[in-house]
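J.: Got a structure for you, written out below as structure tokens; questions coming shortly.
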Amino acid sequence: MFDRVYFLRIDAELQKKRLTSPDRPTPLMDVNDDGFITWGDWFEQMAKEKNIPFIEADQTPEQIFRIISHK
């Protein structure tokens, strides 16, 4: 279905900052009674098992595009 797949890795603090951004259209989507739901750990483990290349999420969209368009 896809030619390439990448894992966009994000640290917990950056993820929390982005999830609480007032610019986000659904700011409560990733919150439950225990606080923020962080999805990265499970996905990261699966990506490692599947040998999926990692890209750091602290980059700009333009930087990420340059990385994926050169592979």
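J.: Starting from the Cα-Cα distance between LYS16 and MET1, subtract it from 0.36 nm times their residue separation and give me the gain in nm to one decimal.
T.: Numbers: separation 15, 0.36 × 15 = 5.40 nm, distance 3.13 nm.
Extending this stretch completely gives an extra 2.3 nm.
J.: For LEU8, what charge total do you get from the other residues with a beta carbon under 11 Å from its beta carbon, if Lys and Arg give +1 and Asp and Glu give -1?
T.: Numbers: positive: ARG9; negative: GLU44, GLU56, ASP58.
So the environment of LEU8 carries a net charge of -2.
J.: Here's a follow-up. Multiply the residue gap between ILE52 and ASP23 by 0.36 nm, knock off their C-alpha separation, and tell me the result in nm, one decimal place.
T.: Details: separation 29, 0.36 × 29 = 10.44 nm, distance 3.01 nm.
So the extension gain works out to 7.4 nm.
A short reminder: the numbers here are calculations on the coordinates, not readings from a lab. As the structure is a prediction and not an experimental result, all values here were calculated from the model. Neighbour counts run over all protein chains shown; Cβ positions are idealised from the backbone, glycine included.
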